[in-house]
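K.L.:
One structure, pasted below without further comment.
The values are calculated or read from the model by the stated rules, or taken from the named source; none is laboratory data. All of these numbers come straight from a predicted model, not from anything done at the bench. With ideal geometry, Cβ positions are generated from the backbone for all residues, glycine too; neighbour counts draw on all protein chains shown.
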Amino acid sequence: MGATVAFQASERGASVIGIDRYDPPHSLGSTHAETRISRLAVGEGSHYLPFVERSHEIWRELEARTGAQLLHLCGGYIFTEQEPVPGQRWEDFVTETAAIAAAAPSGPIPFEVLDPTTVRADHPWIKIPDHNKAGLEPTAGLVMAERCVEVQLRLAEANGAVIRRNEEVISIDPDEDGVTITTTAGHLRADRVVVATGPWFSDLAHPSHAEQVVVTRQVVYWFEADDLDAFSTERIPYIMWIGARDEDYFAVFPTPPGGTPAVKVLGEQFLETTDPSTVDRHVSRAEIEAFHRDFVAPKVDGISDRCVKASVCLYTNTADDHFLIDTDPRSDRILAMSPCSGHGFKHSAALGETVVQVLFDGVSERSLEPFRSRV
């Protein structure tokens, strides 16, 4: 989010300074592990559609401008239980997504509800059971996460932005004339500040905003495949597999050109919270073996138990899983930006553009109102 705001502000001719405690793109927060799912039919709510649609346009504009490949439209599956599970985090996500796709303001988004027999006929390696149902969006795909960050920061710097790496922000203090930013390197003055710090959000956000988010440790795995070509973005959609319980979630990512030569898979957990400064970043052999045994082997054929690598990722979640984007209660010169809860990256390019429109013009093409503080 910081990279896209820095880029979009620099495009408007602003004097921009971006500050990161590490050297982005890095693997210590939430924006790594190569790929992120992107889907136009966003079952989390129709208010997200304008952001993901515009983000796809921006990715394509950046591809044309730089030659970098950022978006792979491989299509995407969503699997859920045939019968909704009351109280489950995702509930009847296929039906919800289908309804949002059909009612999209810019025209229906292709989305087909399928039975398991059809899925198995098209992809015999997927062990979808008869008590599941599937939704397929052909216009969905994968965004190259680190590459998107790198491209936007590079363009921002070409526009004159200053990106200060390996520098930690200690405090952000507004007054009548501006904002003072204190860092490990000294003090800065700014007219406007955007706080887009991912899992470190609570360190700098106002307490009323900080208390609305929690951080959880997630693990991403790459396992060797018997036939890697069969798992390429040219051959298969991604899979979001939603079980009867929140902890049953499982995702399979096709392998993009130039990506790690293995199949990326992951689960999600929301029971144990953590802190980015103390999180265990080591993935044990026991974790790897358990994940393959409990998630991969029962659901997908052709993925071996040979783990190429595993990485820890951090989710920053609100209680309702929606974004938190709002002005700081101390001053409207500071905008707190936590588009989070594990589904933020697909919207990031348009969110950056929208935030910059608000900062410059006071209004934007897309509404940020649904993301205001709930406290």
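K.L.:
Among the numbered criteria (1) farther than 17 Å from A103 by Cβ; (2) over 18 Å from the mean Cα position of the chain (by Cα); (3) surrounded by fewer than 21 Cβ atoms within 10 Å (Cβ to Cβ), which single criterion is violated by T80?
P.N.:
(3)
K.L.:
Among the residues of segment 1-49, which ones are of a type in the set (A, V, I, L, M, F, W, C) and assigned to a loop (DSSP other than H, G, I, E, B)?
P.N.:
So in segment 1-49, the residues of a type in the set (A, V, I, L, M, F, W, C) come out as 1, 3, 5-7, 9, 14, 16-17, 19, 28, 33, 37, 40-42, 49.
Hits for segment 1-49 are M1, A14, V16, L28, A33, L40, A41, V42.
K.L.:
Counting only residues that are in contact with a helix residue (DSSP H, G or I) (Cβ under 7 Å, 6 or more places away or on another chain), buried (at least 20 other Cβ atoms within 10 Å of the Cβ) and of a type in the set (V, I, T), give me the strands (runs of 3 or more DSSP E) lying completely in segment 216-283 with at least 2 of them.
P.N.:
Values: elements: 238-241, 250-253, 263-267.
Of the strands (runs of 3 or more DSSP E) lying wholly inside segment 216-283, those with at least 2 residues that are in contact with a helix residue (DSSP H, G or I) (Cβ under 7 Å, 6 or more places away or on another chain), buried (at least 20 other Cβ atoms within 10 Å of the Cβ) and of a type in the set (V, I, T) span 263-267.
K.L.:
Condition first: assigned to a helix (DSSP H, G or I), in contact with a Phe, Trp or Tyr (Cβ under 8 Å, 6 or more places away or on another chain) and of a type in the set (A, V, I, L, M, F, W, C). Now tell me which residues in segment 326-351 satisfy that.
P.N.:
A349, A350, L351
K.L.:
With respect to S30, is the statement that it is in contact with a His (Cβ under 9 Å, 6 or more places away or on another chain), under 30 Å from V169 (Cα atoms) and either crowded, with 20+ Cβ neighbours inside 10 Å or among the charged types (D, E, K, R) (or both) true?
P.N.:
Details: in contact with a His (Cβ under 9 Å, 6 or more places away or on another chain): no; under 30 Å from V169 (Cα atoms): yes; either crowded, with 20+ Cβ neighbours inside 10 Å or among the charged types (D, E, K, R) (or both): yes.
Criteria not met by S30.
K.L.:
Something else about it: Can you tell me which residue within segment 124-153, out of those that are assigned to a helix (DSSP H, G or I) and among the aliphatic types (A, V, I, L, M), is surrounded by the fewest Cβ atoms within 10 Å (Cβ to Cβ)? Spell out the reasoning first.
P.N.:
Taking segment 124-153 and keeping what is assigned to a helix (DSSP H, G or I), we get 145-153.
If we keep only those that are among the aliphatic types (A, V, I, L, M) as well, we get 145, 149, 151, 153.
Details: A145: 19, V149: 22, V151: 22, L153: 23.
Top of the filtered list is A145.
K.L.:
Right, next: How many residues does segment 179-209 hold that are more than 18 Å from V5 (Cα to Cα) and outside any strand (DSSP E or B)?
P.N.:
So the count comes out to 8.
K.L.:
Can I ask one more? Answer with yes or no whether A205 is modelled with pLDDT under 95, more than 30 Å from A68 (Cβ to Cβ) and either in contact with an Asp or Glu (Cβ under 6 Å, 6 or more places away or on another chain) or buried (at least 20 other Cβ atoms within 10 Å of the Cβ) (or both). Write out each step before concluding.
P.N.:
Values: modelled with pLDDT under 95: no; more than 30 Å from A68 (Cβ to Cβ): yes; either in contact with an Asp or Glu (Cβ under 6 Å, 6 or more places away or on another chain) or buried (at least 20 other Cβ atoms within 10 Å of the Cβ) (or both): yes.
For A205, the condition - modelled with pLDDT under 95, more than 30 Å from A68 (Cβ to Cβ) and either in contact with an Asp or Glu (Cβ under 6 Å, 6 or more places away or on another chain) or buried (at least 20 other Cβ atoms within 10 Å of the Cβ) (or both) - is not met.
K.L.:
Right, T278: at pLDDT 95 or above, over 30 Å from L62 (Cβ atoms) and either in contact with an Asp or Glu (Cβ under 8 Å, 6 or more places away or on another chain) or not aliphatic (A, V, I, L, M) (or both) or not? Walk me through it before giving the result.
P.N.:
Numbers: at pLDDT 95 or above: yes; over 30 Å from L62 (Cβ atoms): yes; either in contact with an Asp or Glu (Cβ under 8 Å, 6 or more places away or on another chain) or not aliphatic (A, V, I, L, M) (or both): yes.
For T278, the condition - at pLDDT 95 or above, over 30 Å from L62 (Cβ atoms) and either in contact with an Asp or Glu (Cβ under 8 Å, 6 or more places away or on another chain) or not aliphatic (A, V, I, L, M) (or both) - is met.
K.L.:
Restricting attention to segment 88-123, and to residues there that are part of a helix (DSSP H, G or I), of a type in the set (S, T, N, Q) and within 24 Å of the chain's Cα centre (by Cα), which single residue is nearest to A140 (Cα to Cα)?
P.N.:
To start, the set of residues in segment 88-123 that are part of a helix (DSSP H, G or I) comprises 93-102, 116-122.
Filter again for of a type in the set (S, T, N, Q), leaving 95, 97, 117-118.
So of that shortlist, the ones also within 24 Å of the chain's Cα centre (by Cα) come out as 95, 97.
Details: T95: 17, T97: 12 Å.
Among those that are part of a helix (DSSP H, G or I), of a type in the set (S, T, N, Q) and within 24 Å of the chain's Cα centre (by Cα), it is T97.
K.L.:
Report every pair of residues separated by at least 6 positions or lying on different chains whose Cβ atoms are under 7 Å apart, first residue within segment 23-44 and farther than 17 Å from C74 by Cβ, second assigned to a strand (DSSP E or B).
P.N.:
S27/S311; G29/L314; S30/C313; S30/L314; S30/Y315; S30/T316; H32/S311; H32/C313
K.L.:
Can you find, within segment 302-322, the residue that is farthest from R217 (Cα to Cα) among those that are of a type in the set (A, V, I, L, M, F, W, C) and touching a strand residue (DSSP E or B) at 6+ places or on another chain (Cβ under 8 Å)?
P.N.:
The residue in question is I303.
K.L.:
Suppose the filter is among the aliphatic types (A, V, I, L, M), crowded, with 20+ Cβ neighbours inside 10 Å and more than 22 Å from the chain's Cα centre (by Cα); does I288 pass it?
P.N.:
Working: among the aliphatic types (A, V, I, L, M): yes; crowded, with 20+ Cβ neighbours inside 10 Å: no; more than 22 Å from the chain's Cα centre (by Cα): yes.
Considered against the rule, which asks whether it is among the aliphatic types (A, V, I, L, M), crowded, with 20+ Cβ neighbours inside 10 Å and more than 22 Å from the chain's Cα centre (by Cα), I288 comes out as no.
K.L.:
So A156 fits all but one of (1) part of a strand (DSSP E or B); (2) touching a Phe, Trp or Tyr at 6+ places or on another chain (Cβ under 8 Å); (3) in contact (Cβ under 8 Å) with a residue 60 or more places away in the chain; (4) aliphatic (A, V, I, L, M); what number is the exception?
P.N.:
(1)
K.L.:
Still on this model: Of the residues that make up segment 352-366, is at least one in contact with a Ser or Thr (Cβ under 7 Å, 6 or more places away or on another chain), part of a strand (DSSP E or B) and either of a type in the set (G, A, S) or buried (at least 16 other Cβ atoms within 10 Å of the Cβ) (or both)?
P.N.:
Within segment 352-366, not a single residue is in contact with a Ser or Thr (Cβ under 7 Å, 6 or more places away or on another chain), part of a strand (DSSP E or B) and either of a type in the set (G, A, S) or buried (at least 16 other Cβ atoms within 10 Å of the Cβ) (or both).
K.L.:
Let me ask you something else. Can you go through S311, S304 and tell me which one is more than 20 Å from E272 (Cβ to Cβ) and assigned to a strand (DSSP E or B)?
P.N.:
S304
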